[in-house]
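K.L.:
Below is a structure I'd like to ask you about.
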Amino acid sequence: MSLTVYSLFRMAGLVTCVVSGASTVATFWFLRNGAENLAEIFPGNMLIAIAGPLDANTLRDTIDVWFAVSAVSVGCFAWMFRWITRPGKRPSQRVAAALVVQAVLGLFINKDFLVLTSIELPFLFSARIGAIWLAIQETLYCVVSLSLAVHAASATTIANASEIVHLSWLGSMSIQTFSTLTAVAWHAFAFCAGLLAASEQRGRARLASAHAELQATQQLLAEGVRTAERLNIARDLHDTMGHHLMALSLHLEIAARSVAGQGEQAVAVARAVSRRLTEELREAVGMMRRVHPIELRSALETLCAGIPAPPVRLIYGDTVCIPDVTQACLIFRSVQEGVSNAVRHAAAREIVVQVDADRQGTVVIIQDDGRGGAGLKRGNGLTGMGERVALEGGRLDIVTSHGQGMALRLWLPSNGGGK
């Protein structure tokens, strides 16, 4: 499988998550012996700051606990990042819960995680909703960070060579404020970078889908052109060659009454050849006019394979026979509309397209495992689909329930009953 830009983006995010988390874990590990005050070592950690100074034994136990917590947090955050940024992932309650957990880990365990959380937002939400989420996240971050500064100390000492400078409470707050604003700026930059990457990824998906639809439409159009050309040739053969052979037969019949002797035998042979040619022409025209099934499978395979996410699985029955170009186009457009709706609105993990035949016609089922909804209202696409199906003498049924996905069931008669 080729390495896409989006795959590189996900890999880079995972590496960043692991490296950032591993640095914290490693620091806890190496500081297990000899540390005197975790708040001085980790000035940006809210929970450690609240704990305050600890004695040696308690400090060592605390480091052990934080080592385990940090290791688990890195694993959880990396897994959630990989899950959230999976292609085709749609907003849902589970996704929102995962984002909240990530934000909590970023606020209280490792603030670097908030950079990755900011990048994830554009992949799941629109720019407006993502910006609102980011604003809430950054507000909480500012509250936590500044609360940390207030709680940590009224006077902070900074070692500079051999000189120790005592800063006032106001100076300490100023440093923490600028540090917080710098982090907020980086989070905003990460959000914009994610917005750019998400836009590029969605553009590629739309382009791939449009390209697949174009290829499938061309295949179906070529099949329709072949059918129309075959009928045109049959019609031309019947109208031209048939007319000339009929005229030839009439002239040979007249000639047979006018000649005698050896000429009569030659005319009889010519009449027999003329009759044989007429029969063969009739058989050829009949064969060309005979029903030839439309090759719809390849067009649907191309259409389904061109959807990047979620995966679309096609089940095409061996007994399916679609003799009419109009019905083939209707089935193709219906599948196109149903799959497009599922991709845009269903938040599905998989879409299944099934085309099969019963005793009286063709059955098409487009089913997804998305969110569904009992109060579904038909839009212009589904309304138009139902009208076209009714004109062909068929019917369109929609089955859906909340949390159970949706299924479109399309039935068309084999004889084109609406015509």
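The values are calculated or read from the model by the stated rules, or taken from the named source; none is laboratory data. Remember, it's a predicted structure, so these values are computed and weren't measured experimentally. Virtual Cβ from ideal backbone geometry, glycine too; neighbours counted across all protein chains shown.
K.L.:
Quick one: Ser298 ticks every box in (1) among the small types (Gly, Ala, Ser); (2) modelled with pLDDT of 75 or more; (3) within 18 Å of Leu410 (Cβ to Cβ) bar one, so which box is it?
P.N.:
(3)
K.L.:
Run down Ile315, Ile307 and say which single residue is in a strand (DSSP E or B), of a type in the set (A, V, I, L, M) and out of contact with any Leu (no Cβ under 6 Å at 6 or more places or on another chain).
P.N.:
On the way: Ile307 fails: in a strand (DSSP E or B).
Criteria check complete, one pass: Ile315.
K.L.:
Could you list, ordered by first residue, the pairs with Cβ atoms under 9 Å in which the first is in region 316-339 and more than 21 Å from Glu213 (Cα to Cα) and the second is of a type in the set (A, V, I, L, M) and part of a loop (DSSP other than H, G, I, E, B), at least 6 apart or interchain?
P.N.:
From region 316-339, the pairs are Val320/Leu296; Cys321/Val291; Cys321/Ile294; Pro323/Val291; Pro323/Ile294.
K.L.:
Turning to a different aspect of this structure: Quick one: is Ala197 in the same structural domain as Val15 (by TED's automatic domain parsing), modelled with pLDDT of 85 or more, part of a helix (DSSP H, G or I) and in contact with a helix residue (DSSP H, G or I) (Cβ under 8 Å, 6 or more places away or on another chain)?
P.N.:
Details: in the same structural domain as Val15 (by TED's automatic domain parsing): yes; modelled with pLDDT of 85 or more: no; part of a helix (DSSP H, G or I): yes; in contact with a helix residue (DSSP H, G or I) (Cβ under 8 Å, 6 or more places away or on another chain): yes.
For Ala197, the condition - in the same structural domain as Val15 (by TED's automatic domain parsing), modelled with pLDDT of 85 or more, part of a helix (DSSP H, G or I) and in contact with a helix residue (DSSP H, G or I) (Cβ under 8 Å, 6 or more places away or on another chain) - is not met.
K.L.:
Could you identify the single residue in Val72, Val115, Val101 that is more than 18 Å from Gln137 (Cβ to Cβ) and at pLDDT 80 or above?
P.N.:
On the way: Val115 fails: more than 18 Å from Gln137 (Cβ to Cβ); Val101 fails: more than 18 Å from Gln137 (Cβ to Cβ).
Just a single option satisfies the conditions, and that option is Val72.
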